[in-house]
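Have a look at the structure below before the remarks.
The values are calculated or read from the model by the stated rules, or taken from the named source; none is laboratory data. It should be emphasised that the depicted structure is a prediction, and the values quoted were computed from it without experimental measurement. Every residue, glycine as well, gets a Cβ built from its backbone with ideal geometry; the counts of neighbours run over all protein chains shown. Accessible surface is based on the protein model in full, side chains and every heavy atom, while ligands, DNA and RNA are left aside. Shrake-Rupley method; radii C 1.70, N 1.55, O 1.52, S 1.80 Å.
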Amino acid sequence: MPKILTDLFIVPCFDESKVNVTFTVPNGCTAVQWAVEEEGKAVTSGKLIVQAGKKTEFEAAVPDFKPWNIDTPFLYTLKLNLMVDGGPVELVERFGMRKIHATRDAIYVNNHPFYARGFIRGREAHDHPNLLNLPLEEYYAKNIRYAKKYGFNLIRFHSRVPSEECFEMADKLGIFIHIEIRNYFGKYQKERSMMNDAGELINAEQWQEVIFRLRNHPSLMVYCMGNEIRHPGTNPQVASIAKLTKKLDPTRLFIDTCAHGEFDRDYVDIDVQHMSYYYPFGSNYDMFENTYNWFIYGSAKGATLTSESRHHGSAGKITRALAPKRPVLAHEICHYVAMRDVESLSKKFDELGVEQPWWLPELKALIREKGLEADYPEMIKASRFFQFLSWKLGIEAARRSRLLSGFHFLQLSDTERYENSNGLLDCFDDPTGISDQEFQKFNSDTVLLADLPQRTFFEKQKIDIPVLVSHYSPTISGDADLKYRLMNKETGQLIIEGKLDAVNLDKCGTYEIAGVHIQLPESNKSQSLSLELELIAQDCSYVVENSWNLWMYPNRPEDLPVSPCTISLEDVKLSLRYPQLKSTGSLNKPERLLIVNRFSKEVLTHLSKGGDVLMLYRVPVTRDRKVRAPKERRYLPTTWDRFKGVIWDRGTNCGAFVRKNDVLRNFPHEGYADLQFHGLIDDCDKVALDDFPVKLDPIIQGVDKAARDRFDVYTYQLSELEPDRAMRKFGYLFELKVGKGRLLLSGFNFTGLNRSVPETCAMFESLVKYVNSDAFDPVAEISPKALDDYLLEKGADPIRPERKMTQFWQLNEAPLESDAYWKAAEEYIHEKELDKDVIADFTSDKVSD
């Protein structure tokens, strides 16, 4: 539209079936003819006698209109013919008939409840340039089409206002847009202070220009000032901008900041809150049901949120219950990373004639340096399997939450700027092999949800499963039949099924619709199961479906074969579940089978004499970050692991893959780490094998991240990719011939044996049966002396702590890093650089072959 009308505002009055049009009459203009057209045909028209320099207004009835929404983005055309200085000037503007508003509990589009399934782009770390040099309309259209295919309905432009071409495509294809006028400065602290050289959060004139330019686009949903602005609720500039925004455009939603805002601000229409960096399973399964992270940002009204007291040696604390005052969206969820397919991506860049990003040849060199060429294809598959699992857990947890009205997903497409891959699409907006049908099972308007905080069970155990629906579809209503099936995934055998007639879906929102109660069968064999749910419309107009993996194990501890063994374990009490496993002999004179949790001279001597060792490796120094511990005399390097995906650059777990081996005959799996490994991996000692003296292919190999810790680059000026801290070869389970003896070592967490955790018991029983079988025949071998020399060398080396971001991931104690955390993490790194602790003196003698 020519700039002759800079303040044209077309307001669809959805409930009155009309539009209201206002603008300031330009100089020299004396008359205006207008028409509202539908697909080239006039719906209504009229004439105006106007006065230059004055604001004029008219209404146009649009009877029986076609609404603009995500599924049917119908556009009308407003034509204005102005007589200016004696000559005609024609202006054309597209618009849609739609209404956006919010109540205390929900967002509404066209008076129908709306669940925001947003994804993030905009800032360089979360976006990519137009690498294919497409016309801008097609560049944005391609991204939007795939976004909708994967079930998204909103784009949050992080610290950006996109171009006109983006809005035109969003209007045409049907997706909402959230804009942020405050640009990202490239440094976190400057971004959060959000002050320009004039001392402003944002420039009011620039903000007004943006609103005038964009407010007629039906796809525009949210005005936001910027990302993670600190203490906006007490900043008078924020209140001023909020007032200005509502004056210029009261038809959209306004929010001051994505995350870090006080919970009780009263000038925003919606809120976006950081719900935590926890992982939505295990102890934090309900992470989206809690407001504990909101305490960090305080109260805009000065309310006391917590009060602590002490009296005669007792301590107490009282905390205020924080309830949402408006619809809340979860900030930046699911940014779990996977490995890049570097060969395919490199070839793609070359074929398209696009310069390769700096990290691509670096990653290829790192893979070669680590000797992972043969493993890397499986590493990609394992990391993508774990990434998809994490996405499903995260989005389903958000959909179960009664607190949330949506989320911002990080992110749809990979960036070309960094080595992380956390998108469904690559940096050319092409799919990476993720099924849109599977993704939409948990990311569409209406989603079936099984409330399953536990996934592993014993035979004959009763399972009670609340079934919820997160239902926001404008086309799904009436009665549907709910069906469930429990299947054996390996055989396809039906275990049990059932049906509930006439579940009514006229109500929108998230609510429980049924409970499924299953008595598992008796079984002497471990089974991989699939729980399948379907909602089938009684008129056959729709089907909603979803499924979840479960595992069932025999609960027969008395059947574990008993053979003479010597047991020396800390933290694990085998006698609680297996009273028949009695320790005989001693470390100096052990039975043939020795079950221990650390290396010692006695263990290595036993191996050198042809003995067997089942090592459930668990040593205090692995958790030194939490509780300081002496170093091991004979130390096998480990890192403290968690069952949660790497969150951008926090963590070391990008999944795991399983090599064929009889040891897991009684522990069903699909070749990759799924939730049946949760109790085994969380809080375990993951073994680092990069410089192990002999080539070793673990039975279960963990996948490390390729990403750098951002502080290493920006704060400590270390290299972007550090070989000793990225893409390490991890082992959860491996076997090794040591001289005449045999060693089966696992770093899994077996403390669950004390509580009879099903997967822990099943894994332990599998290991015991294996070491007592003829199948126990390791291929890799090492001499006792070489192993001892390696362990002693590692024991003498200083502890190498994980970097600051990963320490937070390991501790798993807080929803978000605090200033006190950053200080403690840096102090710990410096402490370990200088640390020369006394070595734990289990024995000082070396072992000879």
Residues of the range 77-91 with amide N under 11 Å of a point placed 7 Å along Cα→Cβ from Ala52 | 84-86
How do Glu396, Glu532, Glu90 stack up against each other in accessible area, from largest to smallest, with a 1.4 angstrom probe?
-> Glu90, Glu532, Glu396
Can you pull the one-decimal nm distance between simple spin-label points at Leu75 and Gln437, each 7 Å off the Cα toward Cβ?
-> 3.3
The lysines whose Cα lies under 20 Å from the Cα of Lys769, excluding any fewer than 8 residues away in the same chain, are Lys525, Lys573, Lys582, Lys660, Lys737
Counting only residues 5 or more places away or on other chains, whose amide H sits under 5 Å from the amide H of Asp7 once H atoms are built in the peptide plane?
-> Thr24
May I ask you to derive the relative contact order of the chain, considering only C-alpha pairs under 8 Å and at least 6 residues apart, and to give it as an integer percent?
-> 9
Rg over Rh [alpha-carbon atoms, Kirkwood Rh] for the range 46-106 | 1.10
So which lysines pass the test for Lys794, namely a Cα distance under 18 Å, with those fewer than 8 places away in the same chain ruled out?
-> Lys601, Lys631, Lys686, Lys695, Lys729, Lys785, Lys832, Lys836, Lys846
Antiparallel content of DSSP bridges confined to the chain, in %, to 5 | 70
With every protein chain present, what is the per residue accessible area of the range 718-767 (1.4 Å probe, Å²)?
-> 25
Label-point separation in nm, Ser17 to Asp266, each point 7 Å along Cα→Cβ | 3.9
Kindly express, to the nearest 10 degrees and within the range 0 to 90, the angle between helix 342-351's C-alpha long axis and the longest C-alpha principal axis of the chain.
-> 40
Output the relative contact order of the range 409-490, whole-number percent, from Cα pairs under 8 angstrom with separation of 6+ residues.
-> 18
The helix 204-214 Cα axis meets the longest alpha-carbon principal axis of the chain at an angle in degrees, between 0 and 90 and rounded to 10, of 80
Here the gain from full extension of Asp286 to Asp7, 0.36 nm per residue of separation minus their alpha-carbon distance, amounts to 95.8 nm
Between Gln208 and Asp85, what is the FRET efficiency for a Förster distance of 35 Å, r being their Cβ-Cβ separation, to the nearest 0.05?
-> 0.80
Degrees between helix 376-400 axis and first principal axis of the chain (Cα, 0 to 90, nearest 10) | 60
Sparse-neighbourhood loop sites, GluC sites (Glu not before Pro) in the range 34-64 - DSSP loop, at most 14 other Cβ within 10 angstrom | Glu39
On full extension of the chain, what length is gained from Val713 through Asp430, given 0.36 nm per residue of separation minus the C-alpha to C-alpha distance?
-> 98.9 nm
Which of the trypsin sites (Lys or Arg not before Pro) found in the range 401-510 are loop residues per DSSP with 16 or fewer other Cβ atoms within 10 Å of their Cβ?
-> Arg402, Lys460, Lys489, Lys507
Enter the Cα centre distance for the pair the range 411-461 and the range 584-633, rounded to the nearest angstrom.
-> 40
Share of carbon and sulfur in the accessible heavy-atom surface of the chain [1.4 Å probe, %] | 48
Stretch gain in nm, segment Gln461-Lys609, where the contour uses 0.36 nm per residue and the Cα spacing is subtracted | 48.9 nm
Would you give the gap between the C-alpha center of the range 2-71 and the C-alpha center of the range 114-138, rounded to a whole Å?
-> 31
Separation between the Thr44 and Trp822 pseudo-spin-labels, each 7 Å from Cα along Cα→Cβ, expressed in nm?
-> 5.6
At a Förster radius of 56 Å, what calculated FRET efficiency corresponds to the Cβ-Cβ distance of Arg628 and Ala239, to the nearest 0.05?
-> 0.70
For His311, His669, His112, the accessible-area ranking with a 1.4 Å probe, largest leading, is His311, His669, His112
Considering Cα pairs under 8 angstrom that are at least six residues apart, work out the relative contact order of the range 634-744 and quote it in whole percent.
-> 29
